[in-house]
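Input: a single structure, listed below in structure tokens.
Computed from the coordinates by the stated procedures, all read-outs in this text should not be read as laboratory data. Remember, it's a predicted structure, so these values are computed and weren't measured experimentally. Here the Cβ positions follow ideal geometry from the backbone for every residue, glycine too, while neighbour counts run over all protein chains shown.
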Amino acid sequence: MKFTKEQIAKFKKEHGEIFQISIDGKTAILKRPSRKALSYATSVATKDPMKFNELMLDACWVVGDEEIKTDDSLFLSASAKIAELIEIKEAELVKL
């Protein structure tokens, strides 16, 4: 799946920062997960770690080849990259 510059601009306007994932000729556009989605997925992960990956991929999904969600090998490859979408900024704590 190829995306035009216009489509990418539209996705950025709608979702902010976006990312492209490509696996064996299949492509998808992903966004960063919301805190609410991350919280829910994390709560489910204690009982079913694979469900965490499913929920996160769904929460981050903008558009793309559905096979990434349905084909096990593509899904597992995408799952390995999901953690990179969770941005953790460096914080500074200073005792006053």
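Once you place label points 7 Å from the Cα toward the Cβ at GLU66 and GLU87, how far apart are they in nm?
3.1 nm
Students often get this wrong, so check it: of LYS10/LYS47; LYS5/LYS51; LYS2/LYS47; LYS26/LYS51, which have C-alpha atoms separated by over 29 Å?
LYS10/LYS47; LYS5/LYS51; LYS2/LYS47
How far is helix 35-45 tilted, in degrees, relative to the longest principal axis of the Cα atoms in the chain, given as a value from 0 to 90 rounded to the nearest 10?
90 degrees
If I model a spin label as a point 7 Å beyond the Cα along the Cα-Cβ vector, how far apart are those points for ILE8 and LEU76 in nm?
3.1 nm
Relative to the longest principal Cα axis of the chain, at what angle does helix 72-82 sit, 0 to 90 degrees, rounded to 10?
40 degrees
Let me know the whole percent of all Cα-Cα pairs from the chain that are separated by more than 16 Å.
Summing the P(r) of the chain above 16 Å gives 58 percent of all pairs.
Would you kindly derive the ³J(HN,Hα) couplings of segment 28-33 from the backbone phi angles with the Karplus curve 6.51 cos²θ - 1.76 cosθ + 1.60 (θ = phi - 60°), listing them in order in whole Hz, with x for Gly and Pro?
Once θ is set to phi - 60°, the couplings for segment 28-33 become 8, 9, 10, 10, 6, x Hz.
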